[in-house]
Amino acid sequence: MARAHSNDLGKDRLGPLMVRLALPSIVAQIVNALYNIVDRIYIGHMGAEGDMALTGLGVCFPIIMFISALAALGGQGGGPRAAIAMGEGDNERANSILGSSTALLIALAVVATAGFQIWKEPLLLDFGATENTIGYASDYLSIYLWGSISVLLALGLNSFVTAQGFSTFAMLTVVIGAAINIALDPLFIFVFDMGVRGAALATIIAQAASAVWVVCFLTGKRSLLRIRRKYLRLKKEVLGPIVALGVSPFIMQSTESLVSISFNSSLRTYGGDTAVGAMTICSSVMQVVYLPLQGLAQGAQPIVSYNYGAGNLDRVKKAYRLLLITSGIYALVIWGLSELFPQVWVSIFNDQPELTALAAWALRIYLMGWCVFWVQMACQQTFVALGQAKVSLFMALLRKVILLIPLIFILPHFFQNQVFGVLVAEPVADVAAALICAVTFAVRFPKILRARERELEQV
């Protein structure tokens, strides 16, 4: 295939190439987190009502995460498929994948917006809201939901920008939005005295700007893949493989909603609103530190996918090893810093002594599993890059649904400090899932590569 993008996924030196792809992805992931993180920082410092407003925002988190996860269903399901098609030299099929993914993202946005607007208050109460926090949660979500289509298009379609090697442009998609959000938040929250509604309004304006940016790129001449009217349809034969592959990252992200609901419900029972507020801070920190890890995986993913499609299997193995090493170094550093200096993270979000003390203690427990979590991340994302839908789905379900959620409700019964029992469920699930994923990858990875070798020999 002719060199059509700034990074040659099949020939450029692997280390520098991954750096060029991963660094913008890491920046993009961190900046993307700022949409919600910045809202929480400002709202947590709203004075006397800051504690309850922050807790109310935490209750919204499951719905926000679910909407973002829908973007992964179309984007992360379609992006690797398109990269594999380009590696095989089939740009027509790659464009068809982009078109069907775009149509899917629009359809999902319409359904999500309507459904959550209708049932938001009953859901928020089920997710841990109390009479003290439901007003803040409902005010924020009512406005936020109108930006759902922008969220899905910006996050979902950005995967197709990255798949072509335009990692810097993909980074700018979220940087532009985050910059607008950061600028508008204090204006709407404090100057216009709109509180949580101002935070939500700033967010949806920022998301709309990001969506316009990425759509303009994918309809312009610079992009090899282009959104074309003839491909904008929900074609079963194209959508099937997209959804099959996208289910894994969708579950990885959407189950964060279930996890958040489970944590909030259990902590409300054993620790009240303060414990739920502490979990809001812990989940915010997790969101910040997790996303660079995801950015590393996204930097490696187009390399693995393209070279797998092109038959450069030695390059696939080298890319995986590099991802594993870099992920491990990053995760171990974060783990050490979080255990030694949790108060540094916590102070960013709130300055109330009772809440910050509980959150710092909770964070040490919550992030203990990071000593091995990186193993699962590297292995699972490589499975996604190789188009291994079934095993990716299993790994996604394993950590969150099969292990973590049941442990949240089981472990408190075995500890005198029941809040500790809730929190320790996270590292226990992380360690167990990482070990299982590592063994599975060691067995399956060589078989996948041998099968691809046989396919290439028959061509």
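Tabulated data
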{"item": "Residue 128 vs. criteria outside any helix (DSSP H, G or I) and closer than 30 Å to residue 17 by Cα", "result": "no"}
{"item": "Those residues of the range 150-164 which are hydroxyl-bearing (Ser, Thr, Tyr) and either without any contact (Cβ under 8 Å) to a residue 40 or more places away in the chain or more than 16 Å from residue 296 (Cα to Cα) (or both), in sequence order", "result": "150"}
{"item": "Residue within the range 255-267 that is surrounded by 20 or more Cβ atoms within 10 Å (Cβ to Cβ), under 16 Å from the mean Cα position of the chain (by Cα) and of a type in the set (A, V, I, L, M, F, W, C) present", "result": "yes"}
{"item": "Set 347, 338: member being without any contact (Cβ under 8 Å) to a residue 12 or more places away in the chain and among the hydroxyl-bearing types (Ser, Thr, Tyr)", "result": "347"}
{"item": "Qualifying residue in the range 131-144 (condition: over 23 Å from residue 234 (Cα atoms), hydroxyl-bearing (Ser, Thr, Tyr) and surrounded by fewer than 17 Cβ atoms within 10 Å (Cβ to Cβ))", "result": "yes"}
{"item": "When residues of the range 298-315 are limited to those that are farther than 15 Å from residue 81 by Cβ and surrounded by fewer than 24 Cβ atoms within 10 Å (Cβ to Cβ), the one modelled with the lowest pLDDT", "result": "311"}
{"item": "Residue that is touching a Lys or Arg at 6+ places or on another chain (Cβ under 9 Å) and polar (S, T, N, Q), where the choices are 159, 68, 101, 148", "result": "101"}
{"item": "Subset tally (residues that are aliphatic (A, V, I, L, M), part of a loop (DSSP other than H, G, I, E, B) and at pLDDT 90 or above) for the range 208-224", "result": "0"}
{"item": "Failed item, numbered, when residue 176 is tested on (1) at pLDDT below 85; (2) among the β-branched types (Val, Ile, Thr); (3) surrounded by fewer than 24 Cβ atoms within 10 Å (Cβ to Cβ)", "result": "(1)"}
{"item": "Residues within the range 168-207 that are of a type in the set (Val, Ile, Thr) and either closer than 20 Å to residue 138 by Cα or part of a loop (DSSP other than H, G, I, E, B) (or both), tallied", "result": "5"}
{"item": "Residue count, the range 90-112 (criterion: surrounded by fewer than 21 Cβ atoms within 10 Å (Cβ to Cβ) and either basic (Lys, Arg) or under 16 Å from residue 214 (Cα atoms) (or both))", "result": "3"}
{"item": "The range 27-80, subset β-branched (Val, Ile, Thr) and more than 13 Å from the chain's Cα centre (by Cα), residue modelled with the lowest pLDDT", "result": "37"}
{"item": "Of all residues making up the range 214-231, the number that are under 13 Å from residue 97 (Cα atoms) and either surrounded by fewer than 15 Cβ atoms within 10 Å (Cβ to Cβ) or among the hydroxyl-bearing types (Ser, Thr, Tyr) (or both)", "result": "4"}
{"item": "Counted residues, the range 46-90 - those being farther than 23 Å from residue 128 by Cα and not in a helix (DSSP H, G or I)", "result": "3"}
{"item": "Test result for residue 17, modelled with pLDDT under 80 and in a helix (DSSP H, G or I)", "result": "no"}
{"item": "Residues located in the range 80-123, provided they are more than 16 Å from residue 310 (Cα to Cα) and touching a residue at least 60 places away in the same chain (Cβ under 8 Å)", "result": "95, 96, 97, 98, 99, 100, 101, 102, 103, 104, 107, 123"}
{"item": "Residue within the range 338-348 that is within 22 Å of the chain's Cα centre (by Cα), surrounded by fewer than 24 Cβ atoms within 10 Å (Cβ to Cβ), modelled with pLDDT under 90 and not in a helix (DSSP H, G or I) present", "result": "yes"}
{"item": "Residue check for residue 367: more than 29 Å from residue 329 (Cα to Cα), out of contact with any Pro (no Cβ under 6 Å at 6 or more places or on another chain), surrounded by 20 or more Cβ atoms within 10 Å (Cβ to Cβ) and of a type outside the set (D, E, K, R)", "result": "no"}
{"item": "Selection count where residues are more than 17 Å from the chain's Cα centre (by Cα) and free of Cβ contacts under 8 Å to residues at least 60 places away in the same chain, scope the range 270-299", "result": "1"}
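The values are calculated or read from the model by the stated rules, or taken from the named source; none is laboratory data. All figures in this text were calculated on a predicted structure; none of them were measured in a lab. With ideal geometry, Cβ positions are generated from the backbone for all residues, glycine too; neighbour counts draw on all protein chains shown.
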